[in-house]
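The values are calculated or read from the model by the stated rules, or taken from the named source; none is laboratory data. Because the structure is a prediction, the values reported are computed rather than measured. Note that we place each Cβ from the backbone using ideal geometry, even for glycine, and neighbour counts take in every protein chain shown.
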Amino acid sequence: MKVEIANLSIAFPTPQGLSHAVRGVSLTLGAEKLGIVGESGSGKSLTARALLRLLPPAAIVTADRLQFDGIDILKASERDMRAIRGKRAGLILQDPKYALNPIMTAGAQIAEAWRNQKKGSRREAMQAAVDLLAQVQIRDPQRVAASYPHELSGGMGQRVMIAMMLAPDPELLIADEPTSALDASVQAEILRLLEDLVSRRGMGLILISHDLPLVSHFCDRVAVMYAGRVVEELAANDLPRAQHAYTRGLLECLPTLSHPKSRLPVMARDPAWLT
Amino acid sequence: MISVQNLHVRFGDVQAVQGISFAVGEGESFGIVGESGSGKSTVLRALAGLNDEWTGLMTIAGRALAPKRGRDFFRRVQMVFQDPYGSLHPRQTVDRALSEPLLVHGIGDIDRRIRQALSEVSLPPAARFRYPHQLSGGQRQRVAIARALMSEPEVLLLDEPTSALDVSVQAEVLNLLADLQDRRKLTYVMVSHNLAVTAHLCPVIGVMQGGEMVEMLSAEDLRAGRISHKHTADLRRLSTELEEA
């Protein structure tokens, strides 16, 4: 499995003309962990969603190359896309409160995802759902499988969503801010779990977040986006040696326990970053 | 300025807060950290008068608080919420949102006060006639802070004021809160799950777990790791682990 993005641009028509949300982004990804970091509106989610062709209908997408394992996403039929979405590439969303079906039990939702791809019996699917819940380290998978989303905590809900995405054995996992709705302790657990599953199954992972230190902790490479462009791409352990002023700004404006400062440096945005 | 003694809050059979005590001096900041469900927001809501099912003794400026609060209380004590998307009325302009507290409290000179409040939170004067959806998340949180300041309160209760914001915007809002405190001698109680953010703004921090305050310590002790309770140590380890990336 290889993901190739070359010169991807996404624009939206507005009354004032085209608004360019993503401008000339190029990324490649194999069986590794790539972090995409940026502020709201930097185009990081749009870039990842373009890969699954899950953009709003109004979006105008152009690219020199947009390929998932050799399949041209720009030209693929809806049928081909359905074979990728959910089956070969899974998408984990930010908030399990909204992303799960509130009137289906967790087990039934995972079983549905499993049956969609594996065509087993209802009973096999339920058993698979319980196994998957155990894999995402839920201590009492039987009980959770029988629970509705509102009966689960945020961390549990997020595990259910991950279990659902793992059901068809995908090759790529896209996690769009998977932990920003969660507590720090649960956040670390979920990311460790994702990291572990991804390495064990040899999957690719795209982790999208606005938290640069967090992402670099769990990824091999980090792409930093600003106003629709990748301004810097670097190996996660090279982060302290980041060159771009925006990347440095993102690192320095975080309050830390180990290096207290009386005033946080505020980012001076250079208009030159836009060009 | 604020004193809370033996505060209990229960929802039905659940004891959400079990006998919490702390005190905050005038112009000082107190931070409460803990995970979801630890009861930290419940303490703040009881203090703010948003929940009247509590027992214990709470005083602000020497006066004991009753379950139902008078208008004067709401002038002196204001709250800023986590989500600036949810806490501003989507069909009210910024002008309307900011004039409402003035009308409620019968404070005159509305036009000048709104212009001053906007400049105090570094919003352009043009923001005055915008609707919330026309503003960014950081700008919305500035409006929420400006609204809380309109009645010239002495106490600001902050419930995760920056956790819905980007890290760069978070830095701006934290600086703004520090400046406002300097200028107006405000007293803050801040609730957050982020240890580093809390330690940045608050010199004294209480750690909550399961409805109890398991430890109270200074920000320096927290940074240096002079910690007595295991839960505090766990939270600190999570926070510093990521910093060392």
**Prompt:** So which of A:266, A:231, A:224 is surrounded by fewer than 21 Cβ atoms within 10 Å (Cβ to Cβ), within 30 Å of residue A:19 (Cα to Cα) and in contact (Cβ under 8 Å) with a residue 40 or more places away in the chain?
**Reply:** A:231
**Fill in**
How many residues of the stretch B:177-230 are free of Cβ contacts under 8 Å to residues at least 60 places away in the same chain and more than 18 Å from the chain's Cα centre (by Cα)? The answer is 15
**Message:** Let me confirm something: among A:174, A:162, which residue is outside any helix (DSSP H, G or I) and away from chain B (no Cβ under 13 Å)?
**Reply:** A:174
**Asked** Would a scan of the stretch A:235-242 turn up a residue that is under 20 Å from residue A:176 (Cα atoms), surrounded by 20 or more Cβ atoms within 10 Å (Cβ to Cβ) and touching a strand residue (DSSP E or B) at 6+ places or on another chain (Cβ under 7 Å)?
**Response** no
**Request:** For the stretch A:85-95, indicate whether the set of residues that are under 26 Å from residue A:186 (Cα atoms), of a type in the set (Val, Ile, Thr) and touching a strand residue (DSSP E or B) at 6+ places or on another chain (Cβ under 8 Å) is non-empty.
**Result:** yes
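In the stretch B:127-152, what residues are hydroxyl-bearing (Ser, Thr, Tyr), more than 13 Å from chain A (Cβ to nearest Cβ) and under 27 Å from residue A:38 (Cα atoms)?
Answer for the stretch B:127-152, where residues must be hydroxyl-bearing (Ser, Thr, Tyr), more than 13 Å from chain A (Cβ to nearest Cβ) and under 27 Å from residue A:38 (Cα atoms): just B:131.
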**Asked** Which condition does residue B:192 not pass, out of (1) touching a helix residue (DSSP H, G or I) at 6+ places or on another chain (Cβ under 6 Å); (2) over 21 Å from residue A:179 (Cβ atoms), if it passes all the others?
**Response** (2)
**Request:** Using the structure shown, decide if residue A:142 is surrounded by fewer than 20 Cβ atoms within 10 Å (Cβ to Cβ), on the phi < 0 side of the Ramachandran plot and assigned to a helix (DSSP H, G or I).
**Result:** yes
**Lone qualifier among A:129, A:125 - being without any contact (Cβ under 8 Å) to a residue 40 or more places away in the chain, part of a helix (DSSP H, G or I) and more than 21 Å from residue A:190 (Cβ to Cβ)** = A:125
**Prompt:** Quick one: which of A:49, A:79, A:65 is modelled with pLDDT of 90 or more, surrounded by fewer than 22 Cβ atoms within 10 Å (Cβ to Cβ), of a type outside the set (Asp, Glu) and within 15 Å of the chain's Cα centre (by Cα)?
**Reply:** A:49
**Asked** In this structure, does residue B:102 turn out to be surrounded by 17 or more Cβ atoms within 10 Å (Cβ to Cβ) and in contact with a Gly (Cβ under 9 Å, 6 or more places away or on another chain)?
**Response** yes
**Asked** Which of (1) surrounded by fewer than 20 Cβ atoms within 10 Å (Cβ to Cβ); (2) touching a Ser or Thr at 6+ places or on another chain (Cβ under 9 Å); (3) of a type outside the set (Phe, Trp, Tyr) is the odd one out, the single condition residue B:80 does not satisfy?
**Response** (1)
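Does the stretch A:263-275 hold any residues that are in contact with a helix residue (DSSP H, G or I) (Cβ under 9 Å, 6 or more places away or on another chain), farther than 11 Å from residue B:168 by Cα and more than 8 Å from chain B (Cβ to nearest Cβ), and which are they?
A:270, A:273
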**Asked** Limited to the stretch A:93-120, what total is found for residues that are crowded, with 17+ Cβ neighbours inside 10 Å and either over 16 Å from the mean Cα position of the chain (by Cα) or at pLDDT 90 or above (or both)?
**Response** 11
**Evaluation of residue A:85 against (1) charged (D, E, K, R); (2) farther than 30 Å from residue A:63 by Cα; (3) in contact (Cβ under 8 Å) with a residue 24 or more places away in the chain (one fails), failing number** = (2)
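Residue under question is residue A:180, and the condition is that it be facing chain B (nearest Cβ under 9 Å), within 30 Å of residue A:7 (Cβ to Cβ), touching a residue at least 40 places away in the same chain (Cβ under 8 Å) and not aliphatic (A, V, I, L, M); does it hold?
Details: facing chain B (nearest Cβ under 9 Å): yes; within 30 Å of residue A:7 (Cβ to Cβ): yes; touching a residue at least 40 places away in the same chain (Cβ under 8 Å): yes; not aliphatic (A, V, I, L, M): yes.
The answer is yes for residue A:180.
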**Complete:** Cβ pairs under 6 Å, 6+ apart or interchain, first in the stretch B:12-23 and part of a strand (DSSP E or B), second at pLDDT below 90, ordered by first then second residue, are B:16/B:39; B:17/B:39
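On the given criteria, is residue B:45 within 17 Å of the chain's Cα centre (by Cα), farther than 16 Å from residue B:153 by Cβ and not aromatic (Phe, Trp, Tyr)?
Yes, satisfied.
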**Fill in**
From the option list B:41, B:122, single residue qualifying as touching a helix residue (DSSP H, G or I) at 6+ places or on another chain (Cβ under 9 Å) and among the polar types (S, T, N, Q) is B:122
**Complete:** Taking the stretch A:198-255 and the residues there that are assigned to a loop (DSSP other than H, G, I, E, B) and in contact with a Pro (Cβ under 8 Å, 6 or more places away or on another chain), the one that is nearest to the other protein chains (Cβ to nearest Cβ) would be A:253
